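The values are calculated or read from the model by the stated rules, or taken from the named source; none is laboratory data. None of the values given here were measured: they were computed from a predicted structure. In this analysis, Cβ positions are derived from the backbone assuming ideal geometry, glycine residues included, and neighbour counts consider all displayed protein chains.
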Amino acid sequence: MRLLRDKGLLVYVVPASWMVLEEFAPLRAFLAREGSLEVHYLGRAFPGLKVRATVLRFRKGKRGLRLYEEGRLLLEDAFWRGEMVRFPDPLALGLEREGVPLGQLFHLRFAARSPEVRSHPLTQKAPGPGLVPVLTGRNLLPGRIDYETPYSGLYFPQAEVHRLKRFYAFPRLVVGHTRHYRVVAAWDGRAYPWREEFHLLPKEGVRVDWEGVVAYLNGPMAQAYYRGLYREVVPHLTRAMLERFPLPKDLVLTAP
């Protein structure tokens with residue numbers, strides 16, 4: 001891009017993940033500063049590859065963003081400054097306007113990752129008295145948790161789970177991180193140790209209808225919201241996506 005003259009054009013094919021992932025925020029800000037951008041979302045354009053693709057048409061020296069899908073202009077933002085590039089789905093945007101974002105209601109935590117679990121001195125590789133399985137995404141099912149199947153092959157003392165992550169000591173909402181373009185959530189009432197996944201703990205003063213929240217996040221409206229705004233740009237939820245995810249106000253009993 002530095003080689004372009006004023007109003008020069010660069011056309012580039014890149015994976016679509018740059019549109020939403022936080023690690024690409026500096027790139028999006030750079031693009032917004034340096035010129036105008038047309039984003040043509042192609043989806044799964046290359047047979048045999050899972051990657052979703054975009055074609056970028058960057059014009060140096062101008063400003064603004066345009067988003068296209070199948071040749072149709074979906075979004076035009078003359079004041080784009082590098083924010084996430086989302087699809088302007090009317091249903092999803094309506095849910096955001098009317099709902100309460102999860103980030104306003106919950107502390108979002110991410111579970112211990114595999115190396116952290118494996119290297120902990122209390123982690124065991126065989127079951128024993130007082131030990132429970134370390135759960136993984138495979139134990140997380142829509143609306144329920146499989147506490148019995150030891151998919152991780154690892155065990156941890158139930159009474160010491162706080163030594164792996166402090167928040168493991170509390171019951172909490174678990175939301176799947178990588179579930180291939182859908183939302184999966186369940187309530188962990190037993191406060192088990194986990195490897196991976198998002199864990200949501202209510203902020204001070206927050207009370208919600210937990211049964212209703214779990215049903216909503218696994219239901220058709222939440223799936224329509226997720227797919228409407230993000231299509232299949234990335235196969236996993238990010239913290240930024242989850243923070244903005246709206247809950248219907250009737251599920252929020254008290255808020256901070």
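Taking the stretch 140-167 on its own, how many of its residues are in contact (Cβ under 8 Å) with a residue 24 or more places away in the chain and touching a Phe, Trp or Tyr at 6+ places or on another chain (Cβ under 7 Å)? So that I can check it myself, show each step before the final result.
In the first step, residues of the stretch 140-167 are kept if they are in contact (Cβ under 8 Å) with a residue 24 or more places away in the chain; the result is 140-145, 147, 152-161, 163-165, 167.
Next cut, touching a Phe, Trp or Tyr at 6+ places or on another chain (Cβ under 7 Å) only: 147, 161, 164.
Counting residues in the stretch 140-167 that are in contact (Cβ under 8 Å) with a residue 24 or more places away in the chain and touching a Phe, Trp or Tyr at 6+ places or on another chain (Cβ under 7 Å) gives 3.
The rows are residues; the columns are (1) closer than 30 Å to Y41 by Cα; (2) touching a residue at least 40 places away in the same chain (Cβ under 8 Å); (3) assigned to a loop (DSSP other than H, G, I, E, B).
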{"position": "V174", "(1), (2), (3)": "no, no, no"}
{"position": "R179", "(1), (2), (3)": "yes, yes, yes"}
{"position": "A191", "(1), (2), (3)": "no, no, yes"}
{"position": "L201", "(1), (2), (3)": "no, yes, no"}
{"position": "V213", "(1), (2), (3)": "no, yes, no"}
{"position": "Q223", "(1), (2), (3)": "yes, yes, no"}
{"position": "H236", "(1), (2), (3)": "yes, yes, yes"}
{"position": "P256", "(1), (2), (3)": "no, yes, yes"}
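Here's the yes/no breakdown for (1) more than 12 Å from N139 (Cα to Cα); (2) of a type in the set (D, E); (3) not assigned by TED's automatic domain parsing to the domain that holds G137:
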| residue | (1), (2), (3) |
| --- | --- |
| R166 | yes, no, no |
| H180 | yes, no, no |
| A185 | no, no, no |
| D188 | no, yes, no |
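If the condition is being among the charged types (D, E, K, R) and part of a helix (DSSP H, G or I), then the stretch 142-172 contributes E160, R163, R166. Being buried (at least 19 other Cβ atoms within 10 Å of the Cβ), among the hydroxyl-bearing types (S, T, Y) and either under 30 Å from P256 (Cβ atoms) or touching an Asp or Glu at 6+ places or on another chain (Cβ under 6 Å) (or both) is true of Y168.
Looking at the stretch 41-64, which of the residues that are of a type in the set (F, W, Y) and touching a residue at least 40 places away in the same chain (Cβ under 8 Å) is surrounded by the most Cβ atoms within 10 Å (Cβ to Cβ)? Quick ask: steps written out before the conclusion?
Kept after step one, since they are of a type in the set (F, W, Y), are these residues of the stretch 41-64: 41, 46, 58.
When the remaining residues are screened for being touching a residue at least 40 places away in the same chain (Cβ under 8 Å), the result is 41, 58.
Details: Y41: 21, F58: 19.
So the residue we want is Y41.
Looking at R66, R52, just one residue is within 23 Å of the chain's Cα centre (by Cα) and either among the basic types (K, R) or at pLDDT below 95 (or both), and that residue is R52. Residues in the stretch 1-39 that are closer than 13 Å to V233 by Cβ and over 21 Å from the mean Cα position of the chain (by Cα): V39 alone.
For the residues L74, L27, L67, the requirement of being buried (at least 16 other Cβ atoms within 10 Å of the Cβ) and not assigned by TED's automatic domain parsing to the domain that holds E243 singles out L67.
For the stretch 70-88, enumerate the residues that are at negative phi and touching a residue at least 40 places away in the same chain (Cβ under 8 Å). Write out each step before concluding.
Residues of the stretch 70-88 at negative phi: 72-81, 83-88.
Of everything in the stretch 70-88, those that are at negative phi and touching a residue at least 40 places away in the same chain (Cβ under 8 Å) turn out to be W80, R81, E83, M84, V85, R86, F87.
Pairs linking a residue in the stretch 89-109 that is assigned by TED's automatic domain parsing to the domain that holds K249 to a residue that is modelled with pLDDT under 95 and surrounded by fewer than 16 Cβ atoms within 10 Å (Cβ to Cβ), with Cβ atoms under 8 Å and 6 or more positions apart or on different chains, are V100/A255; Q104/A255; Q104/P256; L105/A255; L105/P256; L108/R239.
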